[in-house]
Amino acid sequence: MSNFSDHLRIITGNTPPPIERLWAVMKFTPNDAQREAILHVNGPLYLTAGPGSGKTRVLLWRTLNLIVYHGVEPEKIFLSTFTEKAAKQLVDGLRALLGLVTNFTGQPYDLSGMYVGTVHSLCRRLLTDRRRFFADRHRPRPPALLDDLGQYFHLNSAWEQIVTFAGLHPLDAAEEINAIFNSQHPSLSRHRAIENLRRAFNRFSEELLDPKEIRARIDALSWGEFSHGDIELLLNLYEGYRKTLEDGLVTDFALLQQEAYQVLESFPGSGEVFEHIIVDEYQDTNTIQERIFFKLASGTKNLCVVGDDDQALYRFRGATVENFVQFPQRCQTYLGVEPRQITLNINYRSRSQIVNFYGRFMAQVDWHSDDGASTYRVDKEIHAHRSDALPAVVATAPSPPEVACQEIAVFVRRLLDEGKVENANQIAFLYPSLKSRQVERMKEALEAQGLQVYAPRAGRFLEVDEALDVFGIYLLIFGRPSLRGMGRDVEDFRQWLNTIEARAEQLRHADPRLAQFIHDRQAEVQRAHSDYATLLSVVSRHHWDLEAPYNIKRMKRALYNAPGLSETGKRLLASAYFDRIVQKRAQEGRPLSLNYAIRRATSLDWNFLDLFYRLMGFEHFKAMFDRAERFGDEGPVANLGLITQYLQRFTDERVSIITANLLENGKLSAIFFNSYLFALFRLGESEWENPEDPFPRGRIPFLTIHQAKGLEFPVVVLGNLYKRDRGAPQIERLIRPMLTRPDGEPLDRMTEFDIARMFYVALSRAQNLLILAHFRGPGQHVSPPFRPLLSDPSLPRLRDIDISTLPEARLRESEIPKVYSFTADYLLYKKCPRQYMIFRKFGFVPSRSQTMFFGSLVHRTLEDLHHELIRRRKLAANTHQEGEKRDA
Amino acid sequence: MPDRSDLPPIEDFIREVFEENFELLVAESGHTISAESKQAALNQVLLYWRKLREIAERVTDTEVHLTLPNQETPQGREYTIEGVVDIVREDDRVIMYDIKTHDADYVRANLELYKQQLNVYAHIWQELRQQPLDEMAVIATDFPHEVKEALSTPDPRALEMALAQWEPVIPIEYDPAHKDETIFAFSEVVDKIESGEFAPPSLEVLESFITGGWRRERFATRVCRNCDARFSCDAYRQYAMGRRRVAERGMVYFIEDDPDQEEWRTASLDASTED
């Protein structure tokens, strides 16, 4: 394609300035390794990038180099990122840079054809890309995708089918399944069984395991703690599960990737569709993803992988860090060539003491294989760009947790008071898990200093104050569901129901208007319920069939005149609009049933999401918005935004409109609380991680180390230096014998490695100051690699730190300037700043109003329409030309 | 356009890509919109095609991203301005269209804002990109009330008549004089967004009338009544109290005579699964 771009340059007479000139304009001075990586074009590239080494910038400029200086069309680039947010940042940045080039040359660039996003979204796109991946342009409709929560609900609703398929009896299936994973004390809980299966099924799919193939060699394999019967049963259940997915035209994340892989396998030119495959965060890819990437690169061999094995965090999602560590050998195997290796090892983020500290931390672990011949870690040494050598890593005095937490809290208070950070959200507390007593203690200590934290993922999200209050009021309106069953989860949930009820009662007491509001809603529920009974009695008196078509002439008057029917019920039945719809549907041959008419007449005017927005008008909630509007605390509003996402999902997937038939016998309350919220409650929040959370001003964020991946903070407090080594996860022991790919890290050492990597991620998030909570006392532990570092007498302690020597946290210029849209940002803000905050900044899901989603949907479809019209015009022109040639 | 039997009719094409885009957006954004909004979005595209087919078939460059990089705010933040337009190039003319999902009356009433915007785009197009430009216009795809009404009647002529009266193309005058002021105002907004200033517009703004259209409406009716967050909004509450609007005061919170309510009911019942 370079001919084409040369051609354009001749026409326009403008050639792009040398890339160095663009760097100068953008005030970017790449180091040697960065420059080398940016300018690398042909053949596989193995880019190992330490923390804070400017990786994103390199990716951005390298892509620009390909497009602008090597004539690669954007639609020939496949760029996979770890999150959608990262993808959006890259595209934004690329647009800004390409815009700069266009302003020099006049040549525009169209990025809409570029494949950029998470592996999941790219696989989805691939499966709908008729033009490029389906020879005959015909493709089956891709199945709907279940996310983690959707998969859970699917397993629950298809339970009977799946277990019966595998020859189990639905009544004792849960116990038998759980016994595979815990033969001593198998749980009876179906929830537990679903979770066990989900883990196994996803891993089977990610490893591309074929049940038939495994069965054929089952006797030849040794299974350790698992029996042949266990394996057989799991394989049967897996097949049953896949069958229910096929029947329901749905798929899950792992199988979606398998499907994409199969398309690539069967499509002859799949290795040449893209000229460049670029994969970020490669250390967190799994087997199926690796296969997809190598397949896509099989023709051009231009596969660039970027990552850091030390920051591999996602083994629990099937990621295998060996994909990255052994990339050179894999490249040989799949592509037959050696990759160029470039190491980005200059850290621009942290002060030098921090970089030294985490380097020494990793050196405490022996990464060599047992025979000493190879290593499980890519050799590297990170150097700090910032040269000051003053203390930047400090520990508390070794003391019991209460004391150490208090010492930290007092210090944090001083950091804020003395202006070393501008806002509380610049100090992050990181933990291996937020569900721990240490987190509680720290929170209390900070609160005692008058500091507020933001920890929506500490404990359950359903237990944050705003969730308790909102759902409590729902409970008052719809009634408390009766909860059957036993076990700890049920007991905890019952306790949660008690709590929300009590809190809602208090709110009702404190605000008479709210009390009246609740009362009115209850009355409406009651009204719908009694109208329903009234109308049904008319139906039975006339011996009408509920499923028969609704006949206005024959039925309307009798229903309307039913004794005791409320005014609302009459109004809904009498609606001229409704009559028109009835007639229209009858004409179309899809008549509406009598049952529909009755449900409609007894439906409420509001759904669960409408109710939420009305509730926000009461003082207790309104005050939260008032504060956030005027530079104040944003924590509560951020949480309320998350609640709308849960409510929206319920409205969308379960109850879009409240009809009276759902109000019978507390059915609705049972669906909402016992089925929907209880599932969320049990799954905890790890299943519902949202890496795009904004960190609200005025609050100190508490994050899991996983959530902190890719982020940086002026001050980081590592609140717990211990994670217990429980040995290899059970799923690894289950899966290992089935694998035919090269062995990964030894089962008896992988957890030691994983724990070290996790802490490494935490330590490397800090820019100016890293504070370690050094607990000592009965029951207190510290993970082994920390021990020698903590007993080093030269390690500074908090009490020795002179705060005045600390650098002030300044707004660090981000790697890529932000892009603001004229319409979606400027005009929206001009129209109403408050709307901007609620819907655009905090992602509230609206109930009735239009949003960005709406606009994007219309615009994307119009864009596709225009592209199609342009394509058809060209096609017609070609046909026309051919015709003329023939005639001549 | 020649008839090619192997190509699906355009309306089928629209429905199909609309559905794909919807699913992709759900996957990307993690949330969705109501069944009713979804239908309204599809209608906007379908009616755009019916009403503005002549323009649609002449578009030569679609979704052109115009960027103005290296901007700096008064508080020192670096950022880039971005806008998206469609271009029609014909033998002797180049026309720039900005497609908006707003309604034409709102655009006409706020013409100054749109004029500022398109003139910044024109600056990027002509001066930075050195491309010719002859005309500019906004296309407002949110169809007017009359079309909406006509959609829910069974009579196809009603829709035809309503479509004929709809004027969604609003020409914009070329006037680069205020370009720098606009960019400066943009920069100030970026600072406000980044520093967290989100107070709603004043009561005066809410009470002001938006001119034009099928009926004279206040800002509060046009903008706020369509905003789910109005119940907790100080400005809107002051407005509602002042207007003595019973429906919005006191205890009654659910509007009884909302013309959209019946439509909402239909779309929600169509989408309901739990029975």
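Since every read-out is calculated from the coordinates, none of them should be taken as a lab result. It should be emphasised that the depicted structure is a prediction, and the values quoted were computed from it without experimental measurement. All Cβ positions, glycine included, derive from the backbone under ideal geometry; neighbour counts span all protein chains shown.
Just from the alpha-carbon atoms, what are the Rg and Dmax of the protein assembly as shown in angstroms?
Every Cα atom of the protein assembly as shown included, Rg and Dmax give 31.0, 97 Å.
If I take R0 = 30 Å and measure r between the Cβ atoms of A:Thr879 and B:Glu160 in this structure, what FRET efficiency does the formula 1/(1 + (r/R0)^6) give, to the nearest 0.05? All intermediate terms of the calculation are to be shown ahead of the outcome.
Details: r = 32 Å, r/R0 = 1.08.
It comes to 0.40.
Among the listed pairs A:Lys622/A:Lys831; A:Lys570/B:Lys148; A:Lys212/A:Lys435; A:Lys76/A:Lys380, give every one whose C-alpha distance is greater than 30 Å.
A:Lys212/A:Lys435; A:Lys76/A:Lys380
Pop out the ³J(HN,Hα) list for region A:818-834 in order, Karplus 6.51 cos²θ - 1.76 cosθ + 1.60 with θ = phi - 60°, rounded to Hz; leave Gly and Pro as x.
Per residue, the Karplus-derived 3J(HN,Hα) values read 6, 9, 10, 8, 4, 7, 6, 10, 4, 5, 5, 5, 4, 5, 7, x, 5 Hz.
Have a look at the DSSP beta bridges in chain B and tell me what percent are antiparallel, nearest 5. It would help to have the intermediate numbers written out before the result.
On the way: 18 of 25 bridges.
Beta bridges within chain B, antiparallel portion: roughly 70 percent.
Across peptide A:651-658, what mean number of C-beta atoms from other chains lies inside 10 Å of a residue's C-beta? Mind showing how you got there, number by number?
On the way: counts 6, 8, 4, 3, 5, 12, 11, 2.
For this peptide, the per-residue mean of nearby foreign Cβ atoms is 6.
With each pseudo-label sitting 7 Å past Cα toward Cβ, what's the B:Gln238-A:Lys243 distance in nm, one decimal?
Going from the B:Gln238 label point to the A:Lys243 one covers 6.7 nm.
For the ranges A:80-86, A:869-875, what's the packing order if you count other beta-carbon atoms within 10 Å of each residue, average per peptide, and put the highest first?
Values: A:80-86: 20.4, A:869-875: 15.0.
Put in order of decreasing packing, that is A:80-86, A:869-875.
Just counting partner chain Cβ atoms within 10 Å, what average do the residues of peptide B:125-138 show around their Cβ? Before the final figure, lay out each step's value.
On the way: counts 2, 0, 1, 6, 10, 6, 3, 0, 0, 0, 0, 0, 0, 0.
Taking all residues of B:125-138 together, the mean is 2.
Given the Cα-Cα distance of A:Glu232 and A:Asp129 and 0.36 nm per residue of separation, how much length would full extension add, in nm?
Working: separation 103, 0.36 × 103 = 37.08 nm, distance 3.74 nm.
Extra length available between A:Glu232 and A:Asp129 comes to 33.3 nm.
Quick one: order A:Ile346, A:Ile162 by neighbouring beta-carbon count within 10 Å, fewest to most.
On the way: A:Ile346 18, A:Ile162 25.
Final ranking by Cβ density, sparse to dense: A:Ile346, A:Ile162.
Between region A:502-526 and region A:98-115, how many Å separate their Cα centres?
Spelled out, the Cα-based centre of one part sits 57 Å from the other.
If I model a spin label as a point 7 Å beyond the Cα along the Cα-Cβ vector, how far apart are those points for A:Ser433 and A:Thr29 in nm?
A separation of 4.8 nm, rounded to one decimal place.
When the helices in chain A are scored as -39500 (n - 2.57) per DSSP H run of 4 or longer and the sum is shared across all residues, what 222 nm value do you end up with, to the nearest 500 deg cm²/dmol?
For chain A, the value works out to -15000 deg cm²/dmol.
Can you divide the C-alpha Rg of region A:144-248 by 2.2 N^0.38 Å and report the result to two decimal places? Please list the in-between numbers first.
Numbers: Rg = 13.3 Å, N = 105, 2.2 N^0.38 = 12.9 Å.
Rg over 2.2 N^0.38 Å, computed on Cα atoms: 1.03.
Order these by the 10 Å Cβ neighbour count, fewest first: B:Thr67, A:Thr343.
On the way: B:Thr67 22, A:Thr343 18.
Ranking B:Thr67, A:Thr343 by Cβ neighbours within 10 Å, fewest first, gives A:Thr343, B:Thr67.
Over region B:53-198, what is the mean sequence separation of C-alpha contacts under 8 Å (at least six apart), divided by residue count, expressed as relative contact order in percent? Present the calculation step by step, with values, prior to reporting the outcome.
On the way: 210 pairs, mean separation 35.5, N = 146.
Averaging sequence separation for qualifying contacts and normalising by length gives 24 percent for region B:53-198.
By DSSP, what percent of the beta bridges with both residues in chain A are antiparallel, rounded to the nearest 5?
Values: 2 of 46 bridges.
Counting DSSP beta bridges with both partners in chain A, the antiparallel share is about 5 percent.
Give me the inter-chain shielding for B:32-42: mean count of other chain Cβ atoms within 10 Å, whole number please.
Numbers: counts 8, 12, 11, 4, 2, 9, 3, 0, 3, 9, 3.
Other-chain Cβ atoms within 10 Å of each residue's Cβ, averaged: 6.
How fast does region B:49-105 diffuse by Stokes-Einstein, in µm²/s, taking the Kirkwood radius from C-alpha pairs at 25 °C and 0.890 mPa s?
On the way: Rh = 13.7 Å.
So the translational diffusion coefficient is about 179 µm²/s.
Describe numerically, in nm with one decimal, the distance between label points set 7 Å from Cα along Cα→Cβ at A:Asn561 and at A:Ala576.
2.3
Using the per-residue mean of other Cβ atoms lying within 10 Å as a proxy for protection, in what order, highest first, do the peptides A:697-708, A:572-583 fall?
Working: A:697-708: 22.0, A:572-583: 17.0.
Listed from highest to lowest mean packing, they are A:697-708, A:572-583.
Work out how much length A:Gln184 to A:Arg541 would gain on full extension: take 0.36 nm times their residue separation and subtract the Cα-Cα distance, in nm to one decimal. Show your work: numbers first, answer last.
Numbers: separation 357, 0.36 × 357 = 128.52 nm, distance 5.97 nm.
Taking 0.36 nm per residue and subtracting the Cα distance, the gain is 122.6 nm.
Over the Cα atoms, compute the radius of gyration (one decimal) and Dmax (the largest Cα-Cα distance, rounded to a whole number) for region A:463-684, in Å.
Radius of gyration, then largest Cα-Cα span, for region A:463-684: 20.2, 64 Å.
Between A:Asp379 and A:Asp110, how high is the FRET efficiency from 1/(1 + (r/R0)^6) when r is the Cβ-Cβ distance and R₀ = 60 Å? Nearest 0.05.
Working: r = 42 Å, r/R0 = 0.69.
E(calc), rounded to 0.05, equals 0.90.
As a footprinting exposure proxy, order B:Ser232, B:Ser272 by other Cβ within 10 Å, with the fewest listed first.
Listed from fewest to most nearby Cβ atoms, that is B:Ser272, B:Ser232.
Can you tell me the Rg and Dmax of region A:383-542, counting just the alpha carbons, in angstroms?
24.9, 91
Given R₀ = 41 Å, what would the calculated FRET efficiency be for A:Ile870 paired with B:Ala185, taking r from the Cβ atoms and rounding to 0.05?
Numbers: r = 35 Å, r/R0 = 0.86.
Once rounded, the FRET efficiency stands at 0.70.
From the backbone phi of region A:420-428, what are the Karplus-calculated ³J(HN,Hα) couplings (6.51 cos²θ - 1.76 cosθ + 1.60, θ = phi - 60°) in whole Hz, Gly and Pro given as x?
Listing the rounded values in order: 6, 10, 7, 9, 4, 6, 8, 10, 10 Hz.
Under the 0.36 nm per residue contour assumption, what length would be gained going from the current alpha-carbon distance of A:Gln583 and A:Tyr69 to full extension? List each step's numbers first, then the result.
Values: separation 514, 0.36 × 514 = 185.04 nm, distance 6.29 nm.
Taking 0.36 nm per residue and subtracting the Cα distance, the gain is 178.7 nm.
Show me the three semi-axes of the equivalent ellipsoid for region A:693-838, from the C-alpha gyration tensor (sqrt of 5 times each eigenvalue), largest first, rounded to whole Å. All intermediate terms of the calculation are to be shown ahead of the outcome.
Working: eigenvalues 280, 153, 37 Å².
They are 37, 28, 14 Å, listed from largest to smallest.
Determine the relative contact order of chain B: mean sequence separation of Cα pairs under 8 Å and six or more apart, normalised by residue count, in whole percent.
Working: 293 pairs, mean separation 41.5, N = 275.
Contact order relative to length: 15 percent.
Using square roots of five times the C-alpha gyration tensor eigenvalues, list the equivalent-ellipsoid semi-axes of region B:20-126 in whole Å, biggest first. Intermediate values should be presented prior to the final figure.
Working: eigenvalues 139, 102, 47 Å².
They are 26, 23, 15 Å, listed largest first.
Return an integer: the convex hull volume of the alpha-carbon atoms of region B:53-198, in Å³ per residue. Could you put the intermediate results ahead of the total?
Values: hull volume 19.9 nm³, N = 146.
Hull volume normalised by residue count: 136 Å³.
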